[in-house]
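Inspection log for the structure reproduced underneath, given as structure tokens.
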Amino acid sequence: MSKPLLIIGNKNYSSWSLRPYMALKQTGIDFDEKLIRFGEPQFSKAVRRYSKAGLVPVLIHQDKVIWDSLAILEYIAETWPAKQLWPKNPTARAMARSMCAEMHTGFKALRSACPMNIRRPVKRLAVNELLLKDVARIEALWAESRKRFGAKGNFLFGKFSNADAMFAPVASRIQTYEIPVGKAARAYVASVLDSVAFRSWKVAALKEPWIYPEDEV
Ligand SMILES: N[C@@H](CCC(=O)N[C@@H](CS)C(=O)NCC(=O)O)C(=O)O
């Protein structure tokens, strides 16, 4: 099968790009990547060459163009079924898909107050009520999936799945901004940050020289 090409933004900042990267890298799928830097004058034009939506990430595979991180995760799971990116158990799978959808459309307080910024020195951020509400909901989702389906591994549904790919940027934010969470959530964050995929993304992110003041909190 030909290699997919993943178009991404800056590794330091692009939380949406991290998601499909996590799924491809963590499951050992061979892929190429192309980084289009935010803020470069031709960013929009360069992305539009691949997808008229003009946003990263985009996956190109054979004659297909898939844009939007969640659609890409679905495509990866469907195209490489042996990687089992969705849990086998239908009840677990239904929950995993729902969690991904909730992550995709929700948690705006957390996302806007704490932009993903891998390079930022770890330092506690003052948290507001809305942000704490988001974090409480995320912790509840993590606790439930781990308790019901995840006991046999370190990830939300045991072995690595698309749900972990979707929540990886949240794990990074919890660490960077020292967002207060309980012991179980801290252990899960550590599993994500210690994964092969996240570590390789982080090595590259730390080498990037570009700084965007609007994302420096
Ligand atoms: N819902 C989309 C959102 C993608 C998105 O907002 N990408 C941002 C980068 S993280 C982007 O391309 N921003 C460039 C711009 O707004 O010009 C997804 O999940 O892929």
* Structure fact -> Cα-based Rg/(2.2 N^0.38 Å) for region 127-185, rounded to two decimals, is 1.12
* Could you sort 71-78, 209-216, 5-12, 33-40 so that the peptide with the highest average Cβ count within 10 Å comes first and the rest follow in order? => 5-12, 71-78, 33-40, 209-216
* Asked: About the Cα centre of the chain, what is the dipole size in debye to 20, counting +1 per Lys and Arg Cβ and -1 per Asp and Glu Cβ, all else neutral?
  -> 320
* Asked: With every protein chain present, what is the per residue accessible area of the chain (1.4 Å probe, Å²)?
  -> 49
* Asked: Mind checking which lysines have their C-alpha under 27 Å from Lys64, skipping anything on the same chain fewer than 8 residues away?
  -> Lys3, Lys11, Lys25, Lys34, Lys45, Lys52, Lys83, Lys88
* Asked: Could you give the semi-axes, largest first, of the ellipsoid that matches region 90-199, computed as the square roots of 5 times the alpha carbon gyration tensor eigenvalues and rounded to whole Å?
  -> 22, 16, 12
* Asked: Counting only protein heavy atoms, what percent of the accessible surface of the chain is carbon or sulfur at a 1.4 Å probe?
  -> 56
* Structure fact -> The farthest towards the positive end of the charge dipole of the chain, of the residues Asn12, Pro180, Ala113, given +1 on Cβ of Lys and Arg and -1 on Cβ of Asp and Glu, is Pro180
* Tell me, what is the Rg over Rh of the chain, with Rh the Kirkwood radius over Cα pairs? -> 0.95
* Dmax and Rg, reported as Rg then Dmax, of region 5-83 (C-alpha, Å) -> 12.0, 41
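The values are calculated or read from the model by the stated rules, or taken from the named source; none is laboratory data. These numbers come from a predicted model, not from an experiment. Neighbour counts are summed over all protein chains in view; Cβ atoms, including those assigned to glycine, are modelled from backbone coordinates with ideal geometry. Calculation scope for accessible area: heavy atoms of the full protein, side chains included, ligands and nucleic acids excluded. Shrake-Rupley method; radii C 1.70, N 1.55, O 1.52, S 1.80 Å.
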